[in-house]
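All remarks here apply to the structure that follows.
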Amino acid sequence: MTLPSGTHIGLGLAAALSVALATTRLHRRRRRPTSWSSTSTPEPTPPEPVATIHKAHLDTYAANDEPIPTDAELVTADRSQPSPDRITLGNRDQCPITLPVPGLRLGLTGESALDVARAISTELLAKASRDRVELVIPEPDVHALFTDISEYAADLPGLTLTPSATAAITHLETEALHRARLLYDTDSADLPSLRTLEPAEPLPRLVFIGSVSETATRVLDTLVQLGHRYDIGAVLLGPWPTATTLHLNHEATITSADGPHAERLTGTRMFRLTRHDADAALRTIRTATATATEPQTVEPPTSRPSTSPIPVPPPRAPDEEQKAAAIQLRLFGPVQLRTTDGPINTGLRRSARALLTYLALHPNGITREQGTTALWPDHDPNAAAALLHTAISNIRKVLRDSTGLREPAFVIHTASRYRLDPDLIDVDLWNLTTTLTQARQANDDAQRAHTLQAVTTLYTADFATDLTHEWAGAHREHLRRTAIDALVHLAQLTQVTNPEQALATLEQTIHHDPYSETLYQHLIRLQAQLGRPDAAHRTYRLLSTRLAELDTEPNDQTHQLMSDLTHT
């Protein structure tokens, strides 16, 4: 995939950055306190290059008609991934070109050498967690590759900075001797066998990236030739006379090469990463760790979607409130249209589903420019307008065929705005929004609790789980936060008068957000108040299991909560 900046990367880095972004969001959910208020802190938006890459990665699932993975599914799948044995460097004749990481000996020269080195190092760092990779870079070289990395290098798993190339080579030599000793002491044939025998021993794949002197190159060459045994590889920022040297033009295409892989690599268009995009990627990799802190304020671009509450749609006329709408648009879970006879399973285009969802988020209507910018931001305006009209035509045809109603437009166009016809289309999102508004306007807690009870049946799943647009993801998180805060408030309102209902409500919130430590704390406290210590301990164990998936554990507050429970 290619970005407007000139960045050109493969699926390996895109998938790794998707995992990093997913992990970042799960950590935010883990730490977020619940709050029933009219406003909440919006979810920080990811750096624009990372958001674009993430969407492109998720679109590969949609293109293959596969379910879009959730953040939790991306993280869970990544946990089973081993250390990267090979790295894809680029494409030649539409075929991926890969080289093994152990024993990798590659020199990069030419106009785009640093861009290529950034792509390699960023992909390795994105895959480095859980001791899978250790990237060793001398400080002078890391500053040539990245901006201000020293400020957060300690939070990047798998990155080892050394003051010089000599210190880096010494580090590699020390690690090689350590591994040789372990192999000897355990009588293991190779590192894979040693990893199986000693799974707690950190043995990441070691990769050096940097520039070295002619003398140091000979030392490094000897060391890396042992790479197949000790899992060591290296990429030099400069020629490597005794290995493979690639000569790159400004487009990161290998114009010529010397060494063992020269013939196979010549003509390859290498993956490349600009400094700006690499910095954005590293910031996301950094925030995917359990201990990293994030900036307190984030200024999203003005083109980014707002996560403000959805406007409440105008009520249907009184004589129509007694009968079901002709069409039900269901947005919690995969986007689905239904009639009174059942779901509409054929005929609706993917772009039409996205447009229906975007219109539902704007019940008062959108302009043509709003719609084309949201759904086709990278298209020429005229082409995007044609796609918008095609999607509207598809919606009208499918709904007319499904209902037998020939006259209604379903998507109304008036005063230069498009909107869904609320008299003919019932939207579960609108019902939830109306319920939340009524709850906030309730006169007392009893009325508020009665109103909020409807949230337990209205919020059944994440919002529009089959859409990959950034605005859909932003509203997905906003609606999750809003619904969970409402459910927690319902539990608080009913924990005295109906504690069993409060328990069920809190368990439902954990189902929707299984990584939120605050929710587990609420549930543990209520279980303890009801004299159910065994249930509280089971809740704590479930939390520990969930957080282990994020390579962390319950915080001190939760631990103290359980200690107090144990000693009472």
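Below, the figures for the structure above:
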| read-out | value |
| --- | --- |
| Residues within the range 68-94 that are over 19 Å from LEU248 (Cβ atoms) and either open to solvent by less than 50 Å² (accessible area, probe 1.4 Å) or of a type outside the set (S, T, N, Q) (or both), tallied | 15 |
| PRO42 surrounded by fewer than 20 Cβ atoms within 10 Å (Cβ to Cβ) and more than 17 Å from the chain's Cα centre (by Cα) | no |
| Residues of the range 512-536 satisfying the condition of being open to solvent by 60 Å² or more (accessible area, probe 1.4 Å) and farther than 23 Å from ASP485 by Cα | ARG532, PRO533, ASP534 |
| Of residues in the range 165-199 being of a type in the set (Ser, Thr, Tyr) and either in a helix (DSSP H, G or I) or at pLDDT 95 or above (or both), the one surrounded by the most Cβ atoms within 10 Å (Cβ to Cβ) | THR166 |
| Failed criterion for GLN527 (all others in (1) within 22 Å of ARG29 (Cβ to Cβ); (2) polar (S, T, N, Q); (3) not in a helix (DSSP H, G or I) hold) | (3) |
| Check on LEU561, aliphatic (A, V, I, L, M), part of a helix (DSSP H, G or I) and modelled with pLDDT under 95 | yes |
| Within the range 251-279, tally of residues that are surrounded by 22 or more Cβ atoms within 10 Å (Cβ to Cβ) and of a type in the set (Val, Ile, Thr) | 2 |
| Failed item in (1) modelled with pLDDT of 95 or more; (2) under 29 Å from ASP78 (Cβ atoms), with ALA502 passing the rest | (2) |
| Residue check, VAL101 within 19 Å of ALA216 (Cα to Cα), open to solvent by less than 30 Å² (accessible area, probe 1.4 Å) and not small (Gly, Ala, Ser) | no |
| Residues satisfying the stated conditions in the range 19-63, i.e. in contact (Cβ under 8 Å) with a residue 40 or more places away in the chain and among the β-branched types (Val, Ile, Thr) | VAL19, THR23, THR24, THR34, THR45, VAL50, THR52, ILE53, THR60 |
| Selection count where residues are part of a loop (DSSP other than H, G, I, E, B) and open to solvent by 30 Å² or more (accessible area, probe 1.4 Å), scope the range 200-249 | 12 |
| Subset of the range 121-164 that is free of Cβ contacts under 8 Å to residues at least 40 places away in the same chain, among the hydroxyl-bearing types (Ser, Thr, Tyr) and open to solvent by less than 50 Å² (accessible area, probe 1.4 Å) - its residue that is nearest to SER211 (Cα to Cα) | SER164 |
| Count of residues meeting criterion [more than 14 Å from HIS559 (Cα to Cα) and either among the charged types (D, E, K, R) or free of Cβ contacts under 8 Å to residues at least 24 places away in the same chain (or both)] in the range 511-522 | 2 |
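Conditions tested, residue by residue: (1) under 22 Å from THR266 (Cα atoms); (2) assigned to a strand (DSSP E or B).
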{"position": "LEU114", "(1), (2)": "yes, no"}
{"position": "ARG118", "(1), (2)": "yes, no"}
{"position": "LEU125", "(1), (2)": "no, no"}
{"position": "ALA128", "(1), (2)": "no, no"}
{"position": "LEU135", "(1), (2)": "no, yes"}
{"position": "PRO140", "(1), (2)": "no, no"}
{"position": "ALA144", "(1), (2)": "no, no"}
{"position": "SER150", "(1), (2)": "no, no"}
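The values are calculated or read from the model by the stated rules, or taken from the named source; none is laboratory data. Every value quoted in this text rests on a predicted model; they were computed, and no experiment measured them. Counting neighbours? That spans all protein chains shown, and the Cβs are built from the backbone with ideal geometry, glycine included. Just so you know, the surface numbers come from the protein's heavy atoms only, side chains and all, with ligands and any DNA or RNA stripped out. Shrake-Rupley method; radii C 1.70, N 1.55, O 1.52, S 1.80 Å.
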